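Here is the structure we will look at, set down as structure tokens.
The values are calculated or read from the model by the stated rules, or taken from the named source; none is laboratory data. Computed from a prediction, not measured in an experiment: that's the story for all the values here. So basically every Cβ, Gly included, is an ideal-geometry build from the backbone, and we count neighbours across all protein chains shown.
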Amino acid sequence: MYLTAGFVFDDFDDARNRFAGVDPGYIYSRYANPTVAAVEQRIAALEHGADAILVGSGQAAISSALLGLLRAGDHVVSASSIYEGSRALFLENFPALDIESTFVEDANDPAEWERRIRPNTRALFAESISNPRNRILDVAAIADVARRHGIPLVIDNTFASPYLLRPIEHGADIVVHSASKFLSGHGTVLGGVIVDGGRFDWGAHPDRFSQLTHPGIDGGPGFLERFGRTAYSAYTRSVIVSRLGPTASPFTAFLIQQGIETLSLRLDRQSATALALARWLEGRPEVSSVDYAGLASHPHYELARRYLPRGQGSVFAVTLRGGVAAAKALINAVGLFTHMAHLGDVRSLIQHPASTSHAHRTDAQLRYEGIGPGMIRLSVGVEDAADLIADLERGLAAIPRSFDIEAAFSGTNSPPDGAVAAGLSAGPLVTVSTRTTER
Ligand SMILES: *Cc1c(COP(=O)(O)O)cnc(C)c1O
């Protein structure tokens, strides 16, 4: 592990040659670091891409990947059901840079993407599996639209990981990840990665991506001329990431590398356990719906069979009939599930989107996204399925039954006064402390 800011130069000429790019030797860890580079190469290989850039968080990966494509006056089209941080980036940060965004409501409708594309559109963005309803993107159909318009398709593949899905194989041009999730897998670090598929034809419209096709600030040859198929990643690495500075620490890189070594084992186990839990929950009377693409009841079951034959991942939503009071009782009663805003961890995690990650959304938006007051999100870890079911059983048993909860909360996002208190007073909650859930 190269925990170093800079790298020693052998002599005067060596320093000059490294800076001139004649010698590929390392200079300073914000530009490149051997530990970080080793992980970048592994992730590029896992995604079947040409190059990868490791950065300090998933948000850094998404913002840097897009800033490598978009400049003032440009436009991006994005699926509307995306991670809240990405959505806020499009709605709040990009307008400040004079970059406009348009959202597509049905991410699997190529015609809607076509309608939203403008002459200045420079990127299409979507997630392979969306949060929290487990919607699966028809990557090939959207990649087809992107290709016909000469616009790169950027896919956030965090929920699938390259073990379950490799979007580049289905025509995506750039893949981003929050490596804080499945890639690192243990909830210990934040990281992000940008993978360059290396197939997009940046020179097809020479003025469209002039940052790659025109001469650099020194008047020398442009990135496309110098780097060919990895022009985009070379530019994004040296002009965007190195300058804006969301560098990944070598220590972070090491922990992500450790995580990747068990990626296949974890995802096999977590997907299988998630499916078992989803099936079990679907049969419970307290549950009104389970959004897991591995279930035949999910609208994207067929897409999941096509794109995710190895497993559908471990994150899904469960909606309880008892509304927010039921969600609150269950979350407070479980012990093996850790209550945390995170996912893709070896520990099973639980969260209530409507009062946390999606709390700033209006009721209308929540209804549109299908995020109700009784919805909880699970991220299934590697624990024993029977133990997890026992824990959920305990959580379901804690749901108050003293009155008709469904009638009391139907159609409202917040329960009437007193209802929550009634829910909380419905018997002692069982607290299980078989393990430490804090770090
Ligand atoms: C967590 C997450 C992000 C943001 O990643 P950070 O590492 O938290 O910055 C982006 N996209 C998706 C789908 C995520 O789950």
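Of everything listed in (1) over 22 Å from Ile151 (Cβ atoms); (2) more than 16 Å from the ligand (Cβ to nearest atom), the single unmet condition for Ala88 is (2).
When Phe337, Phe316 are checked against the criterion of being modelled with pLDDT of 95 or more, surrounded by 16 or more Cβ atoms within 10 Å (Cβ to Cβ) and under 21 Å from Ser130 (Cβ atoms), Phe316 stands alone in meeting it.
Pick out the one residue from Gly68, Gly150 that is away from the ligand (no atom under 14 Å from the Cβ) and at positive phi.
Working: Gly68 fails: at positive phi.
After applying the criteria, what remains is Gly150.
Can you work out which of the residues in region 201-218 that are out of contact with any strand residue (DSSP E or B) (no Cβ under 8 Å at 6 or more places or on another chain) and hydrophobic (A, V, I, L, M, F, W, C) is nearest to Arg269 (Cα to Cα)? Can you show your working first?
Of all residues in region 201-218, those out of contact with any strand residue (DSSP E or B) (no Cβ under 8 Å at 6 or more places or on another chain) come to 201-207, 210-218.
Add one more test, that the residue is hydrophobic (A, V, I, L, M, F, W, C), and what stays is 202, 204, 212, 217.
Numbers: Trp202: 40, Ala204: 44, Leu212: 42, Ile217: 50 Å.
Restricting to residues being out of contact with any strand residue (DSSP E or B) (no Cβ under 8 Å at 6 or more places or on another chain) and hydrophobic (A, V, I, L, M, F, W, C), the top hit is Trp202.
Checking each residue in region 157-189 for being more than 8 Å from the ligand (Cβ to nearest atom), assigned to a loop (DSSP other than H, G, I, E, B), surrounded by 24 or more Cβ atoms within 10 Å (Cβ to Cβ) and aliphatic (A, V, I, L, M) picks out Ala160, Leu165, Ala172, Leu183. When region 91-100 is filtered for residues that are touching a strand residue (DSSP E or B) at 6+ places or on another chain (Cβ under 8 Å) and within 16 Å of the ligand (Cβ to nearest atom), the ones remaining, listed by number, are Leu91, Phe94. Within region 104-118, being part of a helix (DSSP H, G or I) and in contact with a strand residue (DSSP E or B) (Cβ under 9 Å, 6 or more places away or on another chain) holds for Glu112, Trp113, Arg115, Arg116. Output the residues belonging to region 190-224 that are within 16 Å of the ligand (Cβ to nearest atom) and either assigned to a loop (DSSP other than H, G, I, E, B) or closer than 22 Å to Ser314 by Cβ (or both). Matches in region 190-224: Leu190, Gly191, Gly192, Val193, Val195.
Can you name every residue in region 52-103 that is assigned to a loop (DSSP other than H, G, I, E, B), touching a Lys or Arg at 6+ places or on another chain (Cβ under 7 Å) and of a type in the set (Ser, Thr, Tyr)?
Pass one, region 52-103, residues assigned to a loop (DSSP other than H, G, I, E, B): 56-57, 68-74, 80-83, 97-99.
Subset that is touching a Lys or Arg at 6+ places or on another chain (Cβ under 7 Å): 69-70, 74, 81.
The one that is assigned to a loop (DSSP other than H, G, I, E, B), touching a Lys or Arg at 6+ places or on another chain (Cβ under 7 Å) and of a type in the set (Ser, Thr, Tyr): Ser81.
Would you point out the residue of region 101-138, among those that are away from the ligand (no atom under 15 Å from the Cβ) and touching a residue at least 60 places away in the same chain (Cβ under 8 Å), that is farthest from Gly344 (Cα to Cα)? Walk me through how you get there before you give the answer.
Step one: of region 101-138, the residues away from the ligand (no atom under 15 Å from the Cβ) are 101-106, 108-124, 138.
Cutting the leftovers down to touching a residue at least 60 places away in the same chain (Cβ under 8 Å) gives us 108, 122, 138.
Working: Asn108: 25, Arg122: 31, Asp138: 22 Å.
Per the criteria, the residue is Arg122.
Listed by position, the strands (runs of 3 or more DSSP E) inside region 309-388 whose residues that are aromatic (Phe, Trp, Tyr) number at least 1 are 315-320.
Of all the listed residues (Phe103, Phe125), the sole one being in contact with a Ser or Thr (Cβ under 6 Å, 6 or more places away or on another chain), modelled with pLDDT of 95 or more and over 21 Å from Gly171 (Cβ atoms) is Phe103. Against the definition (at pLDDT 95 or above and more than 16 Å from the ligand (Cβ to nearest atom)), how does Gly395 come out, yes or no? Here the answer is yes, as Gly395 does meet what is asked. Scan region 47-57 and give yes if some residue there is closer than 18 Å to Thr252 by Cβ, buried (at least 24 other Cβ atoms within 10 Å of the Cβ) and away from the ligand (no atom under 14 Å from the Cβ), otherwise no. So far as region 47-57 goes, yes, one or more of its residues are closer than 18 Å to Thr252 by Cβ, buried (at least 24 other Cβ atoms within 10 Å of the Cβ) and away from the ligand (no atom under 14 Å from the Cβ). Hey, does region 242-250 have a residue that's at pLDDT 95 or above and in contact with a Phe, Trp or Tyr (Cβ under 8 Å, 6 or more places away or on another chain)? Yes, region 242-250 contains at least one residue that is at pLDDT 95 or above and in contact with a Phe, Trp or Tyr (Cβ under 8 Å, 6 or more places away or on another chain).
Taking region 277-299 as the range and being part of a helix (DSSP H, G or I), surrounded by fewer than 18 Cβ atoms within 10 Å (Cβ to Cβ) and among the hydrophobic types (A, V, I, L, M, F, W, C) as the test, only Trp280 passes.
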